[in-house]
Every structure is written in structure tokens, then in C-alpha cells.
Amino acid sequence: MIIPIQEVLNTSVKPLYPWLRGQEEINRVGRKGREDQYRFYVWLSKQINNSLIIDLGTRKGTSAVAFANNRTNQVWTYDIRTYDFQGAWEDRDNLHYVVADVLSLPPSTYDDAAILHLDLLHDGETERQWLDKVDQSNFSGLLIMDDVNYGKFPGLMQLWNSLKRRKLLLPPGISHFSGTGLVPFNDEPLEVVP
């Protein structure tokens, strides 16, 4: 995958606004310079069609909404906690919210996914256990890991730095200020260009 920075920067996040939870969330997502990963997620969702995207760690649901921007894709978002999205996602027939412990899901859950987005506890150990499950699956897409370059999460930074797979840390402007990392589980090229 070739990631053209300027094209990502020109991607609008405004289509997400109706499905975000309140003005504070809209302001957070729309402001450039701190949480620019959503712009990248919207861009990325447009690069694939009729695919499965699995979002792990729903929280406010912003990543899931960004990935679901391309309505041809099915997005399944998982969290261990229950959040109330009733009403906010009613017309998003391609966005599915599941309350589950992702460590209890069978490895086959990930077999057909084009993208896995990992944003769990940030302790490094939970993510390591989850990665062990993915390694037992037939997943051959792109893994996105949030917050991998943030001193507040030393366990996650250590895990990221210890990965033996090919990986790429997205540059500022198209990533989260705390680091957005990409790990391809295939042989496709992975490069950021101007």
C-alpha cells in the first residue's frame, strides 16, 4: 500500500459528524494536529471495498465510524464495556457493535478481515496475548495499532519495538499524536509518499 500524505491530508472528516457523539467529539475529530488518525482511517476505508474491518476497543466509536464511512465495507467493533450508541448509528447498516472480551474470541474471527484496528488497554501484555491469537489465524491484511509511540504506555511501546514483522510508524499529520503504527500481514508494499 502506498500512502500519499497530501491525499490523506485532503480527506474530509466532515461526513463523520452526524454519527459522532456530541459537539465535543466533533471538535476533537475535526481539529488538525493532534488526532489526525481519523482522517487516515477515512482515507483508508476508501481504498478497499466490500471488505471486513474489525475495530478492537470501541470506546467512543470514532474509529469504527471512520472505517464505516465507506458503506461497502462491514465494520465490526468490539469492546469489553457497554456503551450506548442507540440512535447515533441507526442508519449505519454496515457498523456492528459487540460487547465481548477480544481475548476470548477464536482466532478464526480475524481470518477474513482486510483491516484489524487495535486500541485496547495499552499495557502491552493484553495486546501481546491478542497478537498471539491473530498469529494463529489466517489473517493476511493490515494491522493498525494506536498509541505505540507514547511514553505514557511503556508496555505498548516495548511491544511495538519488539515486533519482528515489517512495520511502519505513520508520520505526524496523518497519525495520532501518540503514534499510529501499521503492520502488514502480507507481502504488499507499505510506503508513505508526499
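Just so it is clear, none of the values below were taken in a lab; they were calculated from the coordinates. Fair warning: this is a prediction, and the values are worked out from it, not measured in the lab.
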Alpha-carbon centroids, region 123-153 and region 44-118: separation in whole Å:
16
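Which entries of Lys32/Lys133; Lys14/Lys164; Lys32/Lys167 have Cα-Cα distances beyond 31 Å here? Present the calculation step by step, with values, prior to reporting the outcome.
Values: Lys32/Lys133 35 Å; Lys14/Lys164 37 Å; Lys32/Lys167 25 Å.
The pairs that break the limit, which is 31 Å between Cα atoms, are Lys32/Lys133; Lys14/Lys164.
Taking N as the number of residues in region 130-194, what is its alpha-carbon radius of gyration divided by 2.2 N^0.38 Å? Mind dumping the intermediate values first?
Values: Rg = 12.2 Å, N = 65, 2.2 N^0.38 = 10.7 Å.
My calculation over the Cα atoms of region 130-194 gives 1.14.
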Calculate for the chain the 222 nm mean residue ellipticity that helices alone would give, adding -39,500 (n - 2.57) per DSSP H run of length 4 or more and normalising by residue count, nearest 500 deg cm²/dmol.
-6500 deg cm²/dmol
Provide the three semi-axes, in whole Å and in decreasing order, of the ellipsoid equivalent to region 1-63 as defined by the square roots of 5 times the Cα gyration tensor eigenvalues.
19, 16, 10
Two decimals is fine: what's Rg over Rh for the chain, C-alpha atoms, Kirkwood radius as Rh?
0.93
